[in-house]
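Accompanying notes for the structure given below.
Values quoted throughout were computed directly from the atomic coordinates according to the rules given, and no laboratory measurement underlies them. Predicted model only: the values in this text are computed from it and were never measured. Note: ideal-geometry Cβ built from the backbone for every residue, glycine included; neighbour counts use all protein chains shown.
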Ligand SMILES: Cc1cc2nc3c(=O)[nH]c(=O)nc-3n(C[C@H](O)[C@H](O)[C@H](O)COP(=O)(O)OP(=O)(O)OC[C@H]3O[C@@H](n4cnc5c(N)ncnc54)[C@H](O)[C@@H]3O)c2cc1C
C-alpha cells in the first residue's frame with residue numbers, strides 16, 4: 001500500500017492543476033483496499049486518473065487511488081478488470097482478443113473504476129451496455145460487495161455511485177460482458193459509418209472500428225498531455241418543450257435532441273459558441289477553438305482561473321438563452 005504525506009496531485013488530474021493533498025493512499029490488492037476502507041476519515045476523495053476532476057486548491061484530507069491491475073478473461077465473453085487499469089488498455093485488450101462492444105469507447109481517458117461510476121459513453125455506446133458486475137469494498141466496514149448492472153441504476157453519465165453510494169465504496173474490479181460476434185457494434189453514430197466507407201470497410205473488425213474512433217477523436221479533441229482539460233466541461237441541458245420551441249423560433253438552426261414528448265436536449269457547446277466563447281480565453285483558462293464544450297488550461301491556470309471562466313460562461317449562456325448550464329466535471 002502506498003501511503004504518502006503532502007503529496008502533489010499534478011500527475012493525477014488531466015487539467016494539469018498543481019495542488020497537494022495531506023495524505024495519498026493507494027491500494028494494489030483487495031486486502032489493501034480493505035485496510036484503507038477501515039482507516040479513512042473525512043474529508044476524503046476517491047480518484048481515478050482525475051480526468052473528470054477540477055481541483056480548486058490543496059485538498060486538506062485523504063486522497064485514495066486504485067492501482068489494482070489485471071485483465072482476465074473468465075469465460076468466452078466476460079472480462080474481469082482491476083479498477084486501476086487504464087480504460088483504453090482494456091479496450092485495446094478486448095479488441096486484440098476479437099471481443100466486440102467496447103470499440104466506440106476507445107481513447108476515453110481514465111481508469112476502469114471510474115468507467116463504472118461515470119457510465120462513460122461515446123459514439124452511441126455506453127459502458128452500461130456491457131457492464132456485468134462491479135466488486136467493491138465498503139468504506140467503514142471493509143466488507144466486500146458485488147453489484148449487478150441493474151443495482152447501479154445507470155443513466156446518462158450517471159449511476160448510484162454518484163448519489164446515495166457516493167464515497168461509500170472503493171471499487172476493486174469491474175467485469176464487462178463483451179460479444180464474440182458483431183451484435184454489440186454501433187456504427188450509425190456521428191461520422192463512423194462514412195469514415196468506414198471512406199476506408200472501403202463494410203463489416204469492420206473490432207480493431208478497424210477502434211482505429212476509426214481513435215482517428216475521429218484525435219481530430220476533434222485536445223489531448224490532455226498537450227493542453228490540460230477534462231473533456232466536456234458542461235452537461236447538455238434538457239429543457240421543457242415550450243422553452244425549446246421559444247428558442248427554435250429565435251434560432252431556427254439550433255441543434256437539438258429529442259428526449260421525450262415534454263423535453264428536448266440542447267447542446268451546451270452550441271450555446272457557448274453562440275455567446276462568442278469558442279477559442280476565447282480568460283487569463284490562462286480558455287475555451288477550446290474546435291470544441292466549445294471543452295475548457296482548457298492554456299498554461300499555468302489554477303483551479304480558480306478555470307472556475308472563473310466557467311462562471312462567466314454560465315452567466316452569458318443564461319443571459320442569452322435563459323438556460324442554466326451545469327458542470328459535468330467534479331469540482332473539488
Ligand atoms: C480529453 C477528454 C475526453 C473525454 N471524453 C469522454 C467521453 O467521450 N465520454 C465520457 O463519458 N467521458 C469522457 N471524458 C471524461 C472522463 O474521461 C471520464 O469521466 C472518465 O471515466 C474519468 O475517469 P478517471 O479515472 O479519470 O476518474 P476521475 O475523474 O478521477 O473520477 C471520476 C469519478 O469516479 C470515482 N472513482 C474513480 N475511481 C474510483 C474507484 N476505484 N472507486 C470508487 N470511485 C472511484 C471518483 O470518485 C469520481 O466520482 C473525457 C475526458 C477528457 C480529459
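Some observations on this one:
- Ordered by the count of other Cβ atoms within 10 Å of each Cβ, fewest first, 258, 169, 7 give 258, 7, 169.
- On the principal axes of its alpha-carbon atoms, segment 262-332 has extents of 43, 26, 19 Å, going from largest to smallest.
- Rounded, prolate or oblate (a/c below 1.5 giving rounded, otherwise prolate when a/b exceeds b/c) for segment 137-215 by Cα gyration tensor: prolate
- Ranking of 272, 216, 306, 259 by neighbouring Cβ atoms within 10 Å, starting from the fewest: 259, 216, 272, 306.
- DSSP-defined beta bridges in segment 5-79 - what % are antiparallel, rounded to 5: 30 percent
- Rule-of-thumb Rg ratio for segment 27-128 [Cα; 2.2 N^0.38 Å; N residues]: 1.19
- Overall form of segment 203-332 per C-alpha gyration tensor (a/c, 1.5; a/b vs b/c): oblate
- For segment 180-241, fraction of C-alpha pairs farther apart than 20 Å, in %: 46 percent
- Percent of C-alpha pairs per 10 Å bin, segment 62-217, short to long: 11, 41, 32, 13, 3, 0
- Over segment 53-99, equivalent-ellipsoid semi-axes from the Cα gyration tensor in Å: 31, 12, 6
- Cβ-based exposure ranking for 305, 75, in which fewest neighbours within 10 Å come first: 75, 305
- Among 202, 119, 229, residue whose mean-square fluctuation peaks in a GNM of the chain (springs only between Cα atoms under 10 Å): 202
- Diffusion coefficient (Stokes-Einstein, Kirkwood radius over C-alpha pairs, 37 °C, 0.692 mPa s) for the chain: 156 µm²/s, rounded to a whole number.
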